[in-house]
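*Asks:* Provided herewith is a single structure, encoded as structure tokens, for subsequent inquiry.
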Amino acid sequence: MIRSAMILAAGRGERMRPLTDSIPKPLIPVAGRSMLERTMDRLQRGGVQNVVVNVHHLGNQIAERIGGRARIVREDRLLETGGSVRNALPLLGNAPFFVLNGDGLWRDGPESMLGRLAAMWDPNRMDALLLLHPLAKAIGREEKDRGDYYLEPDGRARHRGTAETAPYLFASISVCDSRLFNGSPEGPFSLLKLWTRSEQAGRLYGLVHDGDWFHVGTPAALAEAERVLG
């Protein structure tokens with residue numbers, strides 16, 4: 001079982017403006033409950049006891065809403081996905097942990113998705129395990145979405161690189177541990193940098209989500225998510 005998680009909640013959510021001028025994107029309600037609190041509920045049900053949330057844009061709102069349920073890390077400047085997790089490693093420890101986007105939204109299939117990820121995680125083979133979702137089935141998918149990864153028969157993930165399309169989107173959730181960050185730079189950088197390194201070493205894996213996954217990138221996608229969930 002995985003006991004720790006990092007939720008990335010510092011971004012500005014530019015494409016969701018004007019909503020995000022006054023409320024951080026993770027706190028936008030979808031069918032009556034915010035994306036961040038839905039994620040926190042799932043983590044709690046899955047036995048995750050140590051939750052770290054980074055904040056920047058309108059961070060006080062997030063801290064006030066969930067401060068009793070998570071440890072808040074305030075960022076004076078945006079550190080991007082990789083820099084934010086690296087910065088929080090002292091709170092996450094050496095055991096495996098989930099990394100989730102604060103604006104992630106999903107419904108489980110027959111089993112808990114977080115449970116499936118935890119069951120597949122194998123530090124002897126993996127540096128990172130990514131949740132993938134079929135591009136064609138993503139709710140709120142946009143015309144420009146081309147997919148991110150291919151999945152090999154042995155479960156290894158391969159980035160599409162210069163290819164026109166790939167069958168799977170990265171679905172905003174991964175598993176890793178502190179080893180992934182060995183040799184990583186200080187300051188802002190993307191997790192993609194570390195995943196690429198892991199892929200080159202044959203240690204990047206993927207798991208295909210078997211439930212619904214929502215891409216809530218714009219007000220139109222938010223309306224679609226509300227229609228499906230409501």
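The values are calculated or read from the model by the stated rules, or taken from the named source; none is laboratory data. Just so it is clear, the structure is predicted and the values come from calculations on it, not from any experiment. Neighbour counts are summed over all protein chains in view; Cβ atoms, including those assigned to glycine, are modelled from backbone coordinates with ideal geometry. For accessibility, only protein heavy atoms count, side chains too; no ligands or nucleic acids. Shrake-Rupley method; radii C 1.70, N 1.55, O 1.52, S 1.80 Å.
*Asks:* What size of dipole, in debye to the nearest 20, comes out for the chain about its Cα centre when the only charges are +1 on Lys and Arg C-beta atoms and -1 on Asp and Glu C-beta atoms?
*Replies:* Computed charge dipole of the chain: roughly 300 debye.
*Asks:* Let me ask another. Determine one quarter of the surface area of the Cα convex hull of the chain, which equals its mean projected area, and express it in nm² to one decimal.
*Replies:* 12.1
*Asks:* Quick one: putting +1 on the C-beta of Lys and Arg, -1 on the C-beta of Asp and Glu, what dipole do you get for region 1-62 around its Cα centre, in Debye to the nearest 20?
*Replies:* 160
*Asks:* Hey, if you put +1 on the Cβ of every Lys and Arg and -1 on every Asp and Glu Cβ in the chain, which of S4, A138, F98 ends up farthest toward the positive end of that dipole?
*Replies:* Farthest along the dipole direction, towards plus: S4.
*Asks:* I've got another one for you. Find out how many positive minus negative residues lie around F189, taking Lys and Arg as positive, Asp and Glu as negative, among other residues whose Cβ is under 15 Å from that of F189.
*Replies:* With Lys, Arg at +1 and Asp, Glu at -1, the neighbours total +1.
*Asks:* Next question. Would you mind checking which residues have amide H under 5 Å from R71's amide H? H placed 1.01 Å from N; only 5 or more apart, or other chain.
*Replies:* V51, V52, V53
*Asks:* Now for a different question. What are the principal axis extents of the Cα atoms in region 109-230, in Å, biggest first?
*Replies:* Rounded to whole Å, the extents work out to 43, 31, 30 Å.
*Asks:* Here is a follow-up. Can you give the calculated 222 nm mean residue ellipticity of the chain, where each DSSP H run of n ≥ 4 adds -39,500 (n - 2.57) and the sum is split over every residue, rounded to the nearest 500 deg cm²/dmol?
*Replies:* After summing the helix terms and dividing by residue count, I get -8000 deg cm²/dmol.
*Asks:* Sorting check: for 158-170, 23-35, which peptide has the highest mean count of neighbouring beta carbons within 10 Å, and how do the rest follow?
*Replies:* The packing order, highest mean first, is 23-35, 158-170.
*Asks:* Running Debye on region 123-187 with equal point scatterers at the Cα sites and no solvent, what base-10 log of I(q)/I(0) appears at q = 0.13, 0.15, 0.29 Å⁻¹?
*Replies:* Log-scaled intensity ratios, in q order: -0.44, -0.57, -1.25.
*Asks:* Which net charge results for the neighbourhood of Y150, defined as the other residues with beta-carbon distances under 10 angstrom from its beta-carbon, given Lys and Arg at +1 and Asp and Glu at -1? Present the calculation step by step, with values, prior to reporting the outcome.
*Replies:* Details: positive: R156, R158, R160; negative: D148, E152.
That sum, taken over residues with Cβ under 10 Å, equals +1.
*Asks:* If I compute solvent accessible area with a 1.4 Å probe over the protein chains, what percent of it on region 104-169 is carbon and sulfur?
*Replies:* 47
*Asks:* Sticking with this structure for a sec: Considering only the other residues whose Cβ falls under 11 Å of the Cβ of D103, what net charge follows from Lys and Arg at +1 and Asp and Glu at -1? Before the final figure, lay out each step's value.
*Replies:* Working: positive: R15, K25, R38; negative: none.
Neighbour charge sum, excluding D103 itself: +3.
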